[in-house]
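The values are calculated or read from the model by the stated rules, or taken from the named source; none is laboratory data. These numbers come from a predicted model, not from an experiment. So basically every Cβ, Gly included, is an ideal-geometry build from the backbone, and we count neighbours across all protein chains shown.
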Amino acid sequence: MRNKYIESFEQAQVENRNIPEFRAGDTVRVAVNIKEGEKTRVQNFEGLCIAIRGQGTGRTFNVRKIGANSIGVERIFPIYSDSIESIEVLRRGRVRRAKLFYLRELKGKAARIKELRRK
């Protein structure tokens, strides 16, 4: 049972955000605000969403991309974070499970996800 005041505050935080509908297996581009000294800039992190967990304002998602020299890079983003400027869904993936942690062991073409075809 959660406190009703905390729930109402969280609901106010969630309402003004424009978050697209996405799930594990989708390729997303997350625009993140990065502060370096006095300056701020937006850096995109593009990869495969491998997991979504939590509820309310504590909801997070994991994004995995293959960086330089075929090294996997994963980041965990809170969905309602102020540092996230936008989330863009690039591809819809056809997967049969909610957590795709098995992709960590796969390399190359074996780590591909088929695209979901809409009828």
Looking at region 69-97 only, could you name the residues that are polar (S, T, N, Q) and part of a strand (DSSP E or B)?
SER86
Mind checking which pairs have a first residue in region 98-110 that is assigned to a loop (DSSP other than H, G, I, E, B) and a second that is exposed (fewer than 11 other Cβ atoms within 10 Å of the Cβ), Cβ under 7 Å, 6 or more apart or different chains?
LYS107/SER70
Give me the residue from region 46-62 that is in contact with a Lys or Arg (Cβ under 6 Å, 6 or more places away or on another chain) and under 11 Å from ARG29 (Cα atoms) and, out of that set, surrounded by the fewest Cβ atoms within 10 Å (Cβ to Cβ).
GLU46
So in region 63-93, with the set limited to residues that are farther than 12 Å from ARG104 by Cα and of a type in the set (Val, Ile, Thr), which one is surrounded by the fewest Cβ atoms within 10 Å (Cβ to Cβ)?
ILE76
Residues being in contact with a Gly (Cβ under 8 Å, 6 or more places away or on another chain) and either modelled with pLDDT under 90 or assigned to a strand (DSSP E or B) (or both): count how many of those fall in region 8-49.
6
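Does region 19-36 hold any residues that are within 17 Å of ILE52 (Cα to Cα) and either in contact with a Ser or Thr (Cβ under 9 Å, 6 or more places away or on another chain) or exposed (fewer than 12 other Cβ atoms within 10 Å of the Cβ) (or both), and which are they?
Keep residues of region 19-36 that are within 17 Å of ILE52 (Cα to Cα), which gives 19-30.
Matches in region 19-36: PRO20, GLU21, ARG29, VAL30.
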Which condition number does ILE76 fail, the rest of (1) farther than 30 Å from ARG2 by Cβ; (2) without any contact (Cβ under 8 Å) to a residue 40 or more places away in the chain being met?
(1)
